[in-house]
Structures are given as C-alpha cells and as structure tokens.
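First the structure, in the form of structure tokens, and then the observations on it.
The values are calculated or read from the model by the stated rules, or taken from the named source; none is laboratory data. From a predicted model like this one, the values you see are computed outputs, not experimental measurements. Note that we place each Cβ from the backbone using ideal geometry, even for glycine, and neighbour counts take in every protein chain shown.
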Amino acid sequence: MIDPSRLVAHRGAMHDLPENTLPAFQAALDAGVRFLEFDVQFSADGVPMVFHDDTLERTTAETGSVLDRSAKELAAISAHVPALLGERFKGTPIPRLSDAVALLNRYPGITVFVEIKRQSLMRFGAEECVDAIEEVMRAAAFDWVLISFIQDALEYARRHYHRPIGWVLREYNLTARRIAEIMRPEFLFCDCDGLHQPLESLWPGNWQWVIYDIVDARRAAELQERGAALIESGAVHRLLEAQSRTA
C-alpha cells in the first residue's frame, strides 16, 4: 500500500495539468499531497522562474532560450504544454518563483523541493543563483529544500545558508555512493529507470531517498519496501485513485 503522506508531486500534477504551473501545484495540494517538487530557471534579467527546460519549445508555443528572455516576457508566455495537453490550458502563465511562494504560503504544513537547473547555474553562476533563490524564499511560510544535480550549488547553499539539500543522482553507481557519503545530503533523488534491477535495497545512509517518476502503484509500494522514504510522481492523482480502487 502507498502511504499518501510519502508522495511528492513532480512539477505538480504534471501528467494532468501544465507542469511547473500554479494550477498543477494547486491540484496536487488539493489531492492531499504534502510534498511538492518544482524547477527553477533564470530569466535574462536574473529573476528565478518556475520552469524545467532551458528552451521554450517543449512546454510553450514559443521558441528560443528561457535564459535569453526577461522575466516580464516569460510571464506573458503560455506554458500550457500544447504538444501533450492541446489547447485546454492555453493562457496558463510561466510563474515567477515569487508567484509560487505566494500560492504555497496558503499551505504552511508542506515541504517543497526547489530544483535549481544546470543551465542557469552555468550561465549566471552558483552563488548568484542560490543567493537569488534564497532571497525570494525568505517569504516562504513552509519548509523547503534546495535540490540539484550540481554539487557546487548545494555545497554553497549549505555552507552559507545552512540549507537542507537534496542531491539528484545522474547515475546510481559506486562513484555516486562515495560522493553521497562525503556530501551527506538530507535527501538523495534518483530516477527509477536508473536503479539497478533487481533492486534488493537502496543504499543506507543519513539521507532520505526520493525516487521519481513513478506512475504505477505497485512499483511505488515496492520502492517504499526497498527503502524509498518518498515517492515522486507527476501522476499523484492516478496513484491515489488506483489504490482506492483496489482497497
């Protein structure tokens, strides 16, 4: 059985609503999810925006780099994921990080994982990006954790802000395990497709495992048995509905 309190909404309810948008976050929280994950890229003028890719093509009807547009320009773009969701959600804007905080402050009991993306770190620098995110997140009334694939950004956040961190693994292998044992992050994230099969148990440590993106209830339950503290899914509604049907 899946424990609903251990579900993380991946980019919100992204399988049913436009990913990384306020409606997707709202839907996930309305379903009772207490953990949320989203991504941050930076605009050309240094404003943290809630967006996954460094380009606009996949989730909007626009083209070009997010990093080359101003925050005002980006906020006027519809992020309705037309290739996947059609035109049903046309007009759904790309949120600023501050917009997300304003919404999520209505749910002070939640925990949010904020992923800072590699492309923005490369363009603007780890210190500048982390500083900007921390500045906006000062207004947060909820717990939050900075996560990234990039170690330098996480180490800076821990050193300067005493921020809980989550390292996102590129590969589940011995090298990554050794780095994790040195970093000692509070959370380790791994794509379920990257796990060794058959999986007996996840590496033990002082971290909590978060495994993504899970859309099958049986797979979610299995991973919890193998040591996953949290299950991350863009289809939290479907997981909960599937479980209720079999209960």
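One line per residue, one yes/no per condition, for (1) aliphatic (A, V, I, L, M); (2) closer than 22 Å to residue 114 by Cα; (3) over 20 Å from the mean Cα position of the chain (by Cα):
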{"site": "49", "(1), (2), (3)": "yes, yes, no"}
{"site": "56", "(1), (2), (3)": "yes, yes, no"}
{"site": "66", "(1), (2), (3)": "yes, yes, no"}
{"site": "81", "(1), (2), (3)": "yes, yes, no"}
{"site": "84", "(1), (2), (3)": "yes, no, no"}
{"site": "90", "(1), (2), (3)": "no, no, yes"}
{"site": "93", "(1), (2), (3)": "no, yes, no"}
Mind listing just one residue for me: the one in segment 188-247 that is more than 14 Å from residue 3 (Cβ to Cβ) and among the β-branched types (Val, Ile, Thr) and, of those, surrounded by the fewest Cβ atoms within 10 Å (Cβ to Cβ)? 246
Here the residues within segment 4-28 that are surrounded by fewer than 19 Cβ atoms within 10 Å (Cβ to Cβ) and either within 16 Å of residue 212 (Cβ to Cβ) or at pLDDT 95 or above (or both) are 6, 23, 26
Within segment 154-172, restricting attention to residues that are more than 18 Å from residue 190 (Cα to Cα) and in contact with a helix residue (DSSP H, G or I) (Cβ under 8 Å, 6 or more places away or on another chain), which residue is surrounded by the most Cβ atoms within 10 Å (Cβ to Cβ)? 157
Of the residues in segment 108-117, those that are surrounded by fewer than 18 Cβ atoms within 10 Å (Cβ to Cβ) and touching a Leu at 6+ places or on another chain (Cβ under 8 Å) number 1
Could you tell me whether any residue of segment 114-122 is more than 22 Å from residue 44 (Cα to Cα), modelled with pLDDT of 95 or more and not in a strand (DSSP E or B)? no
Got a sec? Which strands (runs of 3 or more DSSP E) wholly within segment 153-247 have at least 1 residues that are of a type in the set (Val, Ile, Thr) and under 15 Å from the mean Cα position of the chain (by Cα)? 165-168, 208-212, 228-233
Screening 84, 74 for residues that are within 22 Å of residue 36 (Cβ to Cβ), surrounded by fewer than 21 Cβ atoms within 10 Å (Cβ to Cβ) and aliphatic (A, V, I, L, M) leaves only 84
